[in-house]
Structure formats: C-alpha cells, structure tokens
Amino acid sequence: MKNLITKNANGKKILILFILTNIVYAIMLTITIPKVMNFAGGMMLPTGYDADYVNTLLNALGTDGRNAYLL
C-alpha cells in the first residue's frame, strides 16, 4: 500500500484530487445539505445523532426527504 501511494503521489495528482474534493464539498454545502434541511425542518445537526433523534429525523424527512438525503 505504501509503495502504491509513493508511486502515485505527485503534486499534479494531489492538486487535481484536492480541487475535485473541494468542488464536491461546495456542492454539498450549497445544494444538497440545504435541500435536506428543508425537508427536515432544520433538524440536521453537524455533531451527530442518537437513535431516537434519527427516528424523529427520518420521520420528519418523509420519503422525498430521505431520497434527497441519500443522493
């Protein structure tokens, strides 16, 4: 594994992957997370959930919200 990483790690590949990762993250922050939060009525927490909260959240999301959450 170490050999594979060493062989493929160069500045250009790392920069491309960094840019792609940040594009995906920006899309999540600006499109998908706000869309799911609308379905959830603002119930999304960045710190995590317990089992009761998850059940309440999934019920609040409904079918369309759960589908948006999974995309």
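The values are calculated or read from the model by the stated rules, or taken from the named source; none is laboratory data. As the structure is a prediction and not an experimental result, all values here were calculated from the model. Glycine gets a Cβ as well: all are built from the backbone with ideal geometry, and neighbour counts include every protein chain shown.
Answer yes if at least one residue in the range 43-54 is assigned to a helix (DSSP H, G or I), without any contact (Cβ under 8 Å) to a residue 40 or more places away in the chain and surrounded by 11 or more Cβ atoms within 10 Å (Cβ to Cβ), and no otherwise.
Going through the range 43-54, the residues assigned to a helix (DSSP H, G or I) turn out to be 51-54.
In the following step, the residues that additionally are without any contact (Cβ under 8 Å) to a residue 40 or more places away in the chain were identified as 51-54.
Subset that is surrounded by 11 or more Cβ atoms within 10 Å (Cβ to Cβ): 53-54.
Yes: one or more hits.
Output the residues belonging to the range 25-40 that are surrounded by 11 or more Cβ atoms within 10 Å (Cβ to Cβ) and either among the hydroxyl-bearing types (S, T, Y) or not in a helix (DSSP H, G or I) (or both).
T32
Tell me, which residue of the range 32-54 that is touching a Leu at 6+ places or on another chain (Cβ under 8 Å) and more than 11 Å from Y69 (Cβ to Cβ) is modelled with the highest pLDDT? Spell out the reasoning first.
Our first condition is that a residue be touching a Leu at 6+ places or on another chain (Cβ under 8 Å); within the range 32-54, this holds for 32, 36, 39-40, 43-44, 49, 53.
Remaining after also requiring more than 11 Å from Y69 (Cβ to Cβ): 43, 49, 53.
Details: M43: 70, Y49: 75, Y53: 83.
So, considering only residues that are touching a Leu at 6+ places or on another chain (Cβ under 8 Å) and more than 11 Å from Y69 (Cβ to Cβ), the one modelled with the highest pLDDT is Y53.
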